[in-house]
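Structure, as structure tokens:
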Amino acid sequence: RMAASRSPSACVSGSPPTSLVPEETIRQVTEQLPSGKKLRTVSSKLLTTFPLNCWHEKAVGALKDSSSSPIAVACSGGADSTFALLMIYAAFPHCRDRISVLHFNHGLREESDKDEEFVSELARLLELKQSIYRPSSPRTKDDEGTLRDERLESFIKFCKSSKTKLLIQGHNQDDVAE
């Protein structure tokens, strides 16, 4: 979890607001990008707003200690996970060739395919590897817990098969379920 610090003294630019970046803002910015170059610029600007000293110490430590092992970033296309992906991309440029973007399309909402396209285009523009997942069998339940388990099962299989030791999921600090 790449949680921002809540302590104003721990963050040079002040304590980040509860909702860091509105989802619609990220979508609008990304939809207007003709190339990955501008997206890389946006991620760098985000990093100046939320520098590493604003991140949770354990998250920074895990990323710094990842040495040469692959890194997976789960991205739903929502604000939290998109923000996390852009921040990891900007803060750890030496890891970019080892980052894989993972997305699980549950297919439950009209926007599900658009979310998948958004994440796929984001990974393409950043020149990152990507893996897209969909349910492997007919769904019998669609509650949050079951959906979360389904996502995590796919992501853990990916991590095991690719020897990835670090799976990053972007959630706000108040999201206790994840």
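The values are calculated or read from the model by the stated rules, or taken from the named source; none is laboratory data. Please read all numbers here as calculations on a predicted model, not as lab measurements. Cβ sites come from the backbone with ideal geometry, for glycine too, and all protein chains shown count toward neighbours. Just the protein is used for accessible areas: all its heavy atoms, side chains included, with ligands, DNA and RNA removed. Shrake-Rupley method; radii C 1.70, N 1.55, O 1.52, S 1.80 Å.
Observations on the model:
- Amide H to amide H, with H built 1.01 Å from N, Val73 comes under 5 Å of Ser100, Val101, Leu102, Ile168, counting only residues 5 or more places away or on other chains.
- Sorting Thr48, Thr146 by solvent-accessible area of protein heavy atoms yields Thr48, Thr146, largest first, with a 1.4 Å probe.
- Table column - 3J(HN,Hα) (Hz), the stretch 42-54, Karplus curve with 6.51, -1.76, 1.60, x for Gly and Pro: 4, 5, 5, 5, 4, 5, 5, 6, 10, x, 3, 6, 8
- A Förster radius of 35 Å combined with the Cβ-Cβ distance from Ile132 to Lys165 puts the calculated FRET efficiency at roughly 0.95.
- The accessible area of His106, taken with all protein chains in place and a 1.4 Å probe, comes to roughly 30 Å².
- Each residue of the stretch 131-140 is assigned a 3J(HN,Hα), and the resulting list reads 9, 10, 10, 9, x, 8, 9, x, 7, 9 Hz, derived from the Karplus form 6.51 cos²θ - 1.76 cosθ + 1.60 (θ = phi - 60°), x at Gly and Pro.
- Where Glu111, Glu57, Glu117 fall by accessible area, highest first, once all protein chains stay in place (1.4 Å): Glu57, Glu117, Glu111
- Solvent-accessible surface ranking, highest first, for Leu108, Leu47, Leu147 at 1.4 angstrom: Leu108, Leu47, Leu147
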